[in-house]
């Protein structure tokens, strides 16, 4: 009988790659939300995002900005830490699907035209969580 290729307690290259992916995607999403909530990383903060949300039909804008920012920060941090299973991926998926439908879908694929490229990259790893 052949021995198992995976030995308990040993990290495989796939485990390490998934950890790196989870950390990068999660931290990036959390930073994206921090731009909305706190104005960090040259973000507009709640007031700026709230005004923009109102301009695209989300009223009251500050409430929707706070909800989106909280979903992005909490989902990103939980995803990066590998906590609560599929819940953080679902948070990120929900926010990015709304972004795709309301903002990016009319601009094609590539980020250079404000297309769906970046939101799709954010949600892709979550689909396999």
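Rounded to the nearest 500, what is the 222 nm mean residue ellipticity of the chain from helices alone, with -39500 (n - 2.57) per DSSP H run of 4+ residues and division by all residues? If you can, show how the numbers build up before the last one.
Values: 5 runs with 78 residues, N = 129.
Mean residue ellipticity, 222 nm, calculated: -20000 deg cm²/dmol.
Taking the square root of 5 times each eigenvalue of the Cα gyration tensor, what semi-axes in Å does the equivalent ellipsoid of the chain have, largest first? Before the final figure, lay out the partial values.
Working: eigenvalues 218, 50, 28 Å².
Equivalent-ellipsoid dimensions as semi-axes: 33, 16, 12 Å.
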Angle in degrees between helix 61-81 and the longest Cα principal axis of the chain, rounded to the nearest 10:
10 degrees
State, as an integer percentage, the relative contact order of region 27-128 based on alpha-carbon contacts under 8 Å between residues 6 or more apart.
21 percent
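Every number here is computed from the coordinates shown, using simple stated rules; none is lab data. In this text, all values refer to a predicted model and were calculated from it rather than measured experimentally.
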